[in-house]
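Beneath this line is the structure, given in structure tokens, with notes to follow.
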Amino acid sequence: MSKINVLVLPSDRTGVGKFRSVDPHIFLQNLYPDDFHVDIDYEPKLNDFNYWKQYQIVHFHRTIGDYDTAPILIETLNNLGIITIIDLDDYWLPTKEHPAYTLVMETGLHKKICDNLKAAKYVTTTTPIYADEIKKLNKNVFVLPNAINPDEPQFKAKTEPSDRLRFGWLGGSSHLHDIDLLRGNFGKLSSVKDKFSLVLCGFDTRGTVTEINAETKEQRQRPIKPHETVWARYEEIFTENYKLVSPQQKDFLIKFSNEEYTQEDSPFYTRVWTQPVTSYAKNYRLFDVSLAPIKNHIFNRMKSQLKVIEAGFYKKPIIASEIGPYTIDLKHSLQNGNFVDGNALLVREGRNHSDWSKYMKKLIDNPSWAEDLGERLYETVKDKYNLNNVTKTRAELYKSLLK
């Protein structure tokens, strides 16, 4: 049997493209060189039929080229006998609080993604939960979860020592309403403040603000000021409006200088600046327990469990919202105040006001149990979400589609 030629069209060079397009298919070719030849192309020759005819499978994330013309191109490829696979990792319509909501609604992007879903022959996605939703539009859905290459350097960094139990959050700029679920919880732990600390990873002050003249309605963009960024709002929640940090650290933080704070040996709060997708996971070495709050709405319920997977590969215990993707692999390990079999601590909706601090206190008082939870989570994810194993599933899927 000749090799299967696969064309991969990532949606970007720095973000989701790594986990959903590039890394999985590099592994596919490296692990199965006799079965597959993979080309990764960021600028496909959209109008060249000879270009497309080289491939048996075309895998793309969300769209091929322009959204308006993509369904026609997808149908053309289908008619040529080329297998089209659309990959989705996020729900197509963000909620109103999401930074991209207005743009998506104005452009009708969510409808265009759905048109691509209907046109493609097959769909790959991240979780069974999202797959069930996608099946309303296209029944040919397969789950290929996000996965980790355990040999990638950013997932092998050693945790830095600390005499405190460090609780950390690592993510992007679209999670204000998720982070807000933590509001008020950290201040409730003031009695044990000398035993724990907080770490916020991903801090970024880049971006622009659009200003509208009230009289002329003229719009203009300007660089965003650091104190206007969503990261400043995150930090206010983590520090209780800077009440939980020393006056010296507050003065340092509100300068928003991309430098390390060195005036205290062990500050209660640590700000960690953003890192590229190829090294961001090293930040897991800076804390001991991962916090994963998400608000209960359809966009979040369709998300992947990547935070669970990353924490697990780093053997970090996780406290997470008992919602959507975090119910796939996590089992609550606390009952009537006592630890039971499980691999996480899960906060139910309606208990955000109290249980984040309650579970944090439980781990602060029982650090050995925190370590045990990390080991249990590692055992949960280490094989299931190993990129070698998920690639085997992908190879079997692609071969079956060609029969």
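Every number in this text was worked out from the coordinates using simple rules, so none of it is lab data. Computed from a prediction, not measured in an experiment: that's the story for all the values here. Cβ coordinates were reconstructed from backbone atoms using ideal geometry, including for glycine residues, and neighbour counts include every protein chain displayed.
Observations on the structure shown:
- Here LYS53 is the anchor, and the lysines within straight C-alpha reach of less than 20 Å, apart from those fewer than 8 places off in the same chain, are LYS3, LYS45, LYS121, LYS399, LYS403.
- Restricting the stretch 90-120 to trypsin sites (Lys or Arg not before Pro) in coil, as DSSP defines it, with at most 13 other Cβ within 10 Å: LYS96
- Beta bridges per DSSP with both ends in the chain, % antiparallel, nearest 5: 15 percent
- Cα gyration tensor category, rounded, prolate or oblate, for the stretch 1-153 with a/c compared to 1.5: oblate
- Using all pairs of distinct alpha-carbon atoms, the Kirkwood hydrodynamic radius of the stretch 153-381 works out to 18.5 angstrom.
- Rounded to 5, percent antiparallel among DSSP beta bridges of the stretch 153-381: 25 percent
- Computed over the stretch 1-79, relative contact order equals 41 percent, with contacts defined as Cα pairs under 8 Å that lie 6+ residues apart.
- Under 11 Å, Cβ to Cβ, from GLU75 - net charge with Lys/Arg +1 and Asp/Glu -1: +1
- Kirkwood Rh in Å, taken over all unlike Cα pairs in the stretch 201-286: 14.9 Å
- Angle in degrees between helix 70-79 and the longest Cα principal axis of the chain, rounded to the nearest 10: 50 degrees
- Unsatisfied cross-links (Cα-Cα over 27 Å) in the set LYS158/LYS193; LYS111/LYS392; LYS139/LYS315: LYS111/LYS392; LYS139/LYS315
- In sequence order, calculated HN-Hα J values of the stretch 44-55 (Karplus, 6.51, -1.76, 1.60; Hz; x Gly/Pro): x, 7, 4, 9, 9, 5, 5, 4, 5, 5, 6, 10
- Length-normalised contact order of the stretch 153-381 in % [C-alpha pairs under 8 Å, at least 6 apart]: 24 percent
- Percent antiparallel among DSSP beta bridges (both partners in the stretch 221-346, rounded to 5): 25 percent
- Exposure proxy ranking, count of Cβ atoms within 10 Å, fewest first, for ARG376, ARG206: ARG206, ARG376
- Along each principal axis, taking the top coordinate minus the bottom one, the Cα set of the stretch 28-89 gives 36, 29, 19 Å in descending order.
- Annotation: the residues ILE40, ILE298, sorted from fewest to most other C-beta atoms within 10 Å of their own C-beta, follow the order ILE298, ILE40.
- Among LYS136, LYS188, LYS316, residue whose mean-square fluctuation peaks in a GNM of the chain (springs only between Cα atoms under 10 Å): LYS136
- Bridgeable lysines around LYS295 (alpha carbons under 17 Å apart, same-chain partners fewer than 8 residues away excluded): LYS96, LYS303, LYS307.
- Restricting the GluC sites (Glu not before Pro) of the stretch 318-403 to loop positions (DSSP other than H, G, I, E, B) with no more than 14 neighbouring Cβ atoms within 10 Å leaves GLU349.
- Taking amide H as placed 1.01 Å from N in the peptide plane, the amide H of VAL347 sits under 5 Å from that of ALA320, SER321, GLU322, each at least 5 places away or on another chain.
- Per-residue ³J(HN,Hα) for the stretch 291-297, Karplus 6.51 cos²θ - 1.76 cosθ + 1.60, θ = phi - 60°, Hz, x for Gly and Pro: 9, 9, x, 9, 6, 7, 8
- Shown here for the stretch 1-55: trypsin sites (Lys or Arg not before Pro) in loop regions (DSSP other than H, G, I, E, B) with at most 15 other Cβ atoms within 10 Å, namely LYS3, ARG13, LYS45, LYS53.
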